[in-house]
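Structure first, then comments.
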Amino acid sequence: MTDLTYWTSVESPLGALLLTADADATLTSLSVPGQKGGRTVQDGWRHDPGPFRSAAEQLAAYFAAELKEFRLPLRSEGTEFRERVWAALDSVPYGATTTYGEIAARVGASRMAVRAVGGAIGANPLLIVRPCHRVIGADGSLTGYAGGLECKVRLLSLEGSLQERFQALV
């Protein structure tokens with residue numbers, strides 16, 4: 001027996017977001033248009049917006065600057081290290097940014113592990129709801145984002161945490 005995957009598309013200021021959920025209606029991924037490594041609809045997935053009503057409502061409120069913290073059941077599968085990094089991402093508050101080095105420190109990784117932390121962040125399957133867009137370079141630069149730099153700039157601008165020098169990119 002294969003695991004049932006539900007999917008739907010939700011319109012946003014970034015374009016159509018692809019959401020997937022498991023049979024328990026737990027959100028398993030959120031991909032933005034053009035995302036590096038983003039999911040695409042697979043044969044056997046069931047299109048049904050029903051399991052995503054709460055996610056769609058919360059995303060709409062987030063993009064309207066009316067929601068600062070998502071309250072959704074989430075499930076992602078990764079190595080124990082990735083799970084620790086993703087949990088650290090979940091603790092970065094709305095309107096704030098952190099660095100790869102700070103995430104490494106939070107998960108007890110050495111300074112040498114910053115590249116591995118970046119890989120785990122880049123593999124985050126739940127963009128926007130797990131705020132990997134809030135991670136920036138140690139020098140304050142906007143570094144890579146699986147959803148693309150323009151998407152990262154738009155999300156940080158929405159949250160009011162974008163430094164003025166990047167506002168021109170919006």
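For the range 131-144, a residue qualifies if it is part of a loop (DSSP other than H, G, I, E, B) and either farther than 27 Å from Arg75 by Cα or touching a strand residue (DSSP E or B) at 6+ places or on another chain (Cβ under 7 Å) (or both), and the qualifying residues are Gly137, Ala138, Asp139, Gly140, Ser141, Leu142, Thr143. Checked against the criterion of being closer than 23 Å to Leu156 by Cα, in contact (Cβ under 8 Å) with a residue 60 or more places away in the chain and not aliphatic (A, V, I, L, M), the range 9-22 has at least one qualifying residue. Residues being in contact (Cβ under 8 Å) with a residue 60 or more places away in the chain and not assigned by the TED database to the domain that holds Pro13 are entirely absent from the range 77-90. Among the conditions (1) touching a strand residue (DSSP E or B) at 6+ places or on another chain (Cβ under 8 Å); (2) modelled with pLDDT of 95 or more; (3) within 30 Å of Tyr100 (Cα to Cα), Arg39 misses just one, which is (2). The requirement of being among the basic types (Lys, Arg) and in contact with a Phe, Trp or Tyr (Cβ under 7 Å, 6 or more places away or on another chain) is fulfilled nowhere in the range 49-58; no residue meets it. Filtered by the rule that a residue be under 16 Å from Leu126 (Cβ atoms), of a type in the set (Gly, Ala, Ser), over 13 Å from the mean Cα position of the chain (by Cα) and not in a loop (DSSP other than H, G, I, E, B), the range 10-54 gives Ser12, Ala21, Ser54. Can you tell me which residue is farthest from Ala146 (Cα to Cα) among those in the range 24-39 that are open to solvent by 50 Å² or more (accessible area, probe 1.4 Å) and in contact with a Pro (Cβ under 9 Å, 6 or more places away or on another chain)? Only one residue tops the list, namely Asp24. In the range 67-122, the qualifying residues are those that are of a type in the set (Lys, Arg) and exposed (fewer than 15 other Cβ atoms within 10 Å of the Cβ), and the one that is farthest from Leu19 (Cα to Cα) is Arg111. Could you go through the range 44-59 and let me know if any residue there is among the hydroxyl-bearing types (Ser, Thr, Tyr), modelled with pLDDT of 95 or more, within 11 Å of Trp7 (Cβ to Cβ) and open to solvent by less than 60 Å² (accessible area, probe 1.4 Å). No: the range 44-59 contains no residue that is among the hydroxyl-bearing types (Ser, Thr, Tyr), modelled with pLDDT of 95 or more, within 11 Å of Trp7 (Cβ to Cβ) and open to solvent by less than 60 Å² (accessible area, probe 1.4 Å).
Residues in the range 124-163 that are basic (Lys, Arg) and open to solvent by less than 10 Å² (accessible area, probe 1.4 Å): Lys152 only. Would it be correct to say that Val10 is in the same structural domain as Leu142 (by the TED database), open to solvent by less than 30 Å² (accessible area, probe 1.4 Å) and at pLDDT 95 or above? Criteria not met by Val10.
The values are calculated or read from the model by the stated rules, or taken from the named source; none is laboratory data. Values in this document were obtained by computation on a predicted structure and should not be read as measured data. Positions of Cβ are generated from backbone atoms using ideal geometry, with glycine treated the same way; all protein chains shown enter the neighbour counts. Quick note on the areas: whole protein, heavy atoms, side chains included, nothing else; ligands and nucleic acids left out. Shrake-Rupley method; radii C 1.70, N 1.55, O 1.52, S 1.80 Å.
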